[in-house]
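Take a look at the structure below.
The values are calculated or read from the model by the stated rules, or taken from the named source; none is laboratory data. Keep in mind it's a predicted model, so treat the numbers as computed, not measured. Here the Cβ positions follow ideal geometry from the backbone for every residue, glycine too, while neighbour counts run over all protein chains shown.
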Amino acid sequence: MGKIILEYFDGDRIYVCSKCHIHISNYKSRISKNFRGGFGQAFLFEKGINYHVGQSEVKDLMTGKHTVQDVICNGCNKVIGWKYIKAYRESEKYKEGKIIIERHFIRRIKWN
Amino acid sequence: MQVYDNLALQEVQSISIDDSPERLKEIVRMILQELSQMGYDDACKILEDESQTKLDTTQMSELKESFLNGDYENILQQLDFSDMINRKLQYEIQKQLYLEIVQQRNYEQAVNLLRQLSEFNEQESQVLAKMIFLPEDASQLYVQLGIPMDQREQRLQLYQKTLNLLNFGDFSLKTQFDKVIDQSLEYQIKRCPYHNDSNENKNYSLLIDHNCQSYQIPKNNSILFQGFDDEVWIAKFSNSGTWIGCATKKNSIYIISKEQQQKISKAHQMDINSLVFSSDDKLLFSASNDKKINCYDVQTAQIKVTMSQHTNEVLCLAYFKNQLFSGGVDGWIGIWQDNGKLVNQIKSKVVKNILLTDQYLLLHNAAIFSITVIENDSKFNKIITHMEEQELIVSSAVSQNQQFLVLNVSKEKPKLHLWSLKTFQKLHVFFGFQVKGIEMKCCFGSKKDNYVCVGSQDGKVYFFNKNNQLQQNVIDGHNQPINFVDWHSQTAQLLTASDDKTVKIWIQDHVEQQQIINIANEYDQPINSQQGEIVEEQDDQEDEEYQQQSEGDQSF
């Protein structure tokens with residue numbers, strides 16, 4: 001398939017995929033550590049790089065009904081989190097367009 | 001391995017050769033006319049006798065005489081053709097007559113004639129009318145009409161015009177030889193993208209199906225290397241062209257030359273990002289995502305030293321004047337000596353590629369869409385400019401003459417941007433090749449860096465002429481995506497590395513038979529002995545490479 005085109009982050013405090021070490025997001029983009037996924041703690045990020053999304057589904061989460069898409073790492077093709085497309089409760093609208101990455105799947109690099 | 005020039009092929013196939021006797025006669029008469037114009041009368045006579053065709057200049061010269069003498073009545077009597085031509089002819093001759101009458105200040109007659117003229121061409125007649133009433137502006141009016149001032153010249157021009165109007169029979173000889181050449185040259189210059197390159201000496205072909213500069217394109221596959229353990233991601237020539245360094249998806253490095261092929265399996269634990277040879281081709285350096293830089297001896301393929309000072313992925317290497325430059329995610333660029341000693345560090349952003357010229361250090365930034373240009377002195381702290389792009393720069397290359405930079409900006413749509421390193425302006429955009437999310441290397445090539453070359457998702461190699469934005473050539477390289485192209489300027493060889501686990505060498509000259517070389521697995525257990533066999537054939541095209549090889553030996 002050839003070497004895939006990867007993007008990178010400048011600066012410190014970057015989160016990378018635990019398996020293939022490609023940059024996913026960074027500290028600046030992290031909004032909250034207070035989420036839970038299937039594998040434990042998860043972080044909410046404003047945006048990320050080097051991922052693609054799967055099919056959008058309507059799911060009932062702990063916080064209500066949402067439309068979400070799987071977030072899949074470009075390097076190893078593993079599902080590492082999900083992306084909020086639409087929130088049906090007003091109080092959850094702030095999440096729309098943002099991504100959740102489970103802590104289990106990422107590592108920190110350049111952290112001081 | 002086809003050279004595409006479809007348009008030309010179609011055109012040529014549609015033209016049928018006309019060898020009727022009339023055509024042959026015409027050709028002879030064209031030659032006769034040219035000869036007589038050049039003054040070779042004797043040759044003319046001989047040709048006339050042998051070919052039994054006369055130029056028949058007598059009638060023509062009589063006609064010419066009548067024109068030059070202003071004997072217009074006679075002319076109109078002699079030339080009596082279709083109504084349309086008659087009318088036009090009449091107009092032209094009357095116009096000339098009018099001008100001469102005005103010259104003689106015979107205004108009454110002139111005005112009468114003017115009335116007739118205005119029936120045919122109102123616009124010009126108005127200009128002609130001014131001749132009478134504004135004699136001072138005469139020269140200006142002549143220019144407006146496109147007629148020379150001198151009477152003899154005028155009559156000559158009228159003669160030519162008449163000839164142009166009459167295009168059949170004995171008077172069809174307006175197709176003069178030099179006119180033919182001029183017009184076909186113009187046509188070729190308009191049509192052929194190669195012709196327009198003013199740098200080359202003007203050896204233009206006039207034929208539609210000529211192969212003008214495409215001889216510069218290395219379109220013939222001379223050698224095929226097969227037997228790599230996986231997709232080949234990097235394949236680079238050494239500085240002299242005798243060695244090839246390759247890296248595959250399985251993180252193996254191959255060092256290949258005409259005589260020997262060596263494999264270093266599992267050279268790194270993770271993806272190999274870059275390979276460079278030292279200036280004397282004795283050492284091969286490799287940089288990988290496993291944060292290490294390895295140094296191998298080219299002859300023996302043994303590892304000499306490992307540099308582990310980087311704390312994050314090392315994305316690129318460059319070698320310049322006995323120093324190795326390395327850059328990556330760390331945020332600093334390391335300058336090393338051949339023995340692996342780190343001598344200097346330069347602060348930078350995340351760097352995807354380092355390019356060095358005599359004047360500049362160019363840093364291809366991975367996170368921001370730009371190239372930072374730093375002055376190439378020993379300190380590297382003077383930033384000259386930033387070359388900004390709108391989207392992610394995938395790969396970059398500098399031309400041999402260090403004047404140009406090409407950037408592969410193919411994240412959204414596959415295209416290449418050509419920049420000048422003198423003015424730091426974007427010059428051209430090239431597109432036409434295909435990319436689907438994988439890195440394709442682009443490079444410059446051919447003697448004057450005329451071409452930009454890039455591999456494509458569909459296995460073709462695209463060549464773009466740097467001076468001329470028309471897409472030049474496409475060759476069928478492989479049947480799977482081509483990851484890396486390297487064009488060696490001195491030996492004029494092109495190297496292509498592909499996902500189909502092969503590497504091919506291409507040259508300009510015609511190749512009788514492709515040479516297939518199987519890569520011997522020296523550090524791996526061969527499964528069957530056939531894999532270790534190296535197939536060598538006698539091939540004259542390889543003489544060039546043999547010479548290079550011997551030069552390399554002397555330097556050792």
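Against the condition more than 14 Å from chain B (Cβ to nearest Cβ), exposed (fewer than 15 other Cβ atoms within 10 Å of the Cβ) and either over 18 Å from B:Gly437 (Cβ atoms) or modelled with pLDDT of 95 or more (or both), how does A:Tyr84 come out, does it pass? The answer is no for A:Tyr84.
Among the residues here, B:Asp137 qualifies as surrounded by fewer than 16 Cβ atoms within 10 Å (Cβ to Cβ) and at pLDDT below 75. If you go through the stretch B:484-494 one residue at a time, do you hit one that is within 14 Å of another protein chain (Cβ to nearest Cβ) and closer than 16 Å to B:Ile244 by Cα? Yes, the stretch B:484-494 contains at least one residue that is within 14 Å of another protein chain (Cβ to nearest Cβ) and closer than 16 Å to B:Ile244 by Cα.
Residues in the stretch B:258-306 that are within 14 Å of chain A (Cβ to nearest Cβ), surrounded by 17 or more Cβ atoms within 10 Å (Cβ to Cβ) and of a type in the set (A, V, I, L, M, F, W, C): B:Ile272, B:Leu275, B:Ala287. In summary, strands (runs of 3 or more DSSP E) completely within the stretch B:416-508 and bearing 1 or more residues that are within 24 Å of A:Ile4 (Cα to Cα) and charged (D, E, K, R) occur at B:460-465, B:471-476, B:482-488, B:502-507. Restricting B:Ser399, B:Ser410 to those that are within 14 Å of another protein chain (Cβ to nearest Cβ) and buried (at least 20 other Cβ atoms within 10 Å of the Cβ) reduces the list to B:Ser410. Scanning the stretch B:447-464 for residues that are surrounded by fewer than 24 Cβ atoms within 10 Å (Cβ to Cβ), within 14 Å of chain A (Cβ to nearest Cβ) and not hydroxyl-bearing (Ser, Thr, Tyr) turns up B:Gln457, B:Asp458, B:Gly459. Residue count for the stretch B:300-325 under the criterion of being free of Cβ contacts under 8 Å to residues at least 40 places away in the same chain and touching a Phe, Trp or Tyr at 6+ places or on another chain (Cβ under 8 Å): the result is 6.
Residue by residue, here is whether (1) among the polar types (S, T, N, Q); (2) over 30 Å from B:Ala367 (Cβ atoms); (3) outside the structural domain of B:Thr372 (by TED's automatic domain parsing) holds:
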{"site": "B:Phe277", "(1), (2), (3)": "no, no, no"}
{"site": "B:Asp280", "(1), (2), (3)": "no, yes, no"}
{"site": "B:Val298", "(1), (2), (3)": "no, yes, no"}
{"site": "B:Cys316", "(1), (2), (3)": "no, no, no"}
{"site": "B:Gly327", "(1), (2), (3)": "no, no, no"}
{"site": "B:Asp330", "(1), (2), (3)": "no, no, no"}
{"site": "B:Asn339", "(1), (2), (3)": "yes, yes, no"}
{"site": "B:Val343", "(1), (2), (3)": "no, no, no"}
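Modelled with pLDDT of 75 or more, under 30 Å from B:Glu34 (Cβ atoms) and assigned by TED's automatic domain parsing to the domain that holds B:Leu32: does that describe B:Ser51? Criteria met by B:Ser51. If you go through the stretch A:81-104 and keep only what is touching a His at 6+ places or on another chain (Cβ under 9 Å), farther than 14 Å from A:Asp70 by Cα, among the basic types (Lys, Arg) and outside any loop (DSSP other than H, G, I, E, B), you end up with just A:Lys95. On the given criteria, is A:Phe9 in contact with a His (Cβ under 8 Å, 6 or more places away or on another chain), within 30 Å of B:Pro481 (Cβ to Cβ) and either away from every other protein chain (no Cβ under 13 Å) or not aliphatic (A, V, I, L, M) (or both)? Yes. Taking the stretch B:230-269, which residues are over 36 Å from the mean Cα position of the chain (by Cα), touching a residue at least 60 places away in the same chain (Cβ under 8 Å) and assigned to a loop (DSSP other than H, G, I, E, B)? Residue satisfying the conditions is B:Ser265 alone.
Against the test of being surrounded by 22 or more Cβ atoms within 10 Å (Cβ to Cβ) and modelled with pLDDT under 80, the options B:Asn467, B:Asn528, B:Asn521, B:Asn473 yield a single qualifying residue, B:Asn473. For the stretch B:272-290, the criterion of being within 21 Å of B:Thr502 (Cα to Cα) and charged (D, E, K, R) is satisfied by no residue at all. B:Ile303 - would you say it is farther than 24 Å from B:His364 by Cβ, out of contact with any Lys or Arg (no Cβ under 8 Å at 6 or more places or on another chain) and not assigned by TED's automatic domain parsing to the domain that holds B:Glu439? Here the answer is yes, as B:Ile303 does meet what is asked. Just one of the listed residues (B:Ile335, B:Ile368, B:Ile354, B:Ile384) is at pLDDT below 90 and either buried (at least 19 other Cβ atoms within 10 Å of the Cβ) or assigned to a strand (DSSP E or B) (or both), and it is B:Ile384. Candidates are the residues of the stretch B:181-192 that are farther than 16 Å from B:Gln160 by Cβ and of a type outside the set (Ser, Thr, Tyr); the one that is modelled with the lowest pLDDT is B:Cys192. Of all residues in the stretch B:311-331, those satisfying the criterion of being more than 12 Å from chain A (Cβ to nearest Cβ), more than 11 Å from B:Phe285 (Cα to Cα) and outside any loop (DSSP other than H, G, I, E, B) are B:Val314, B:Phe320, B:Gln323.
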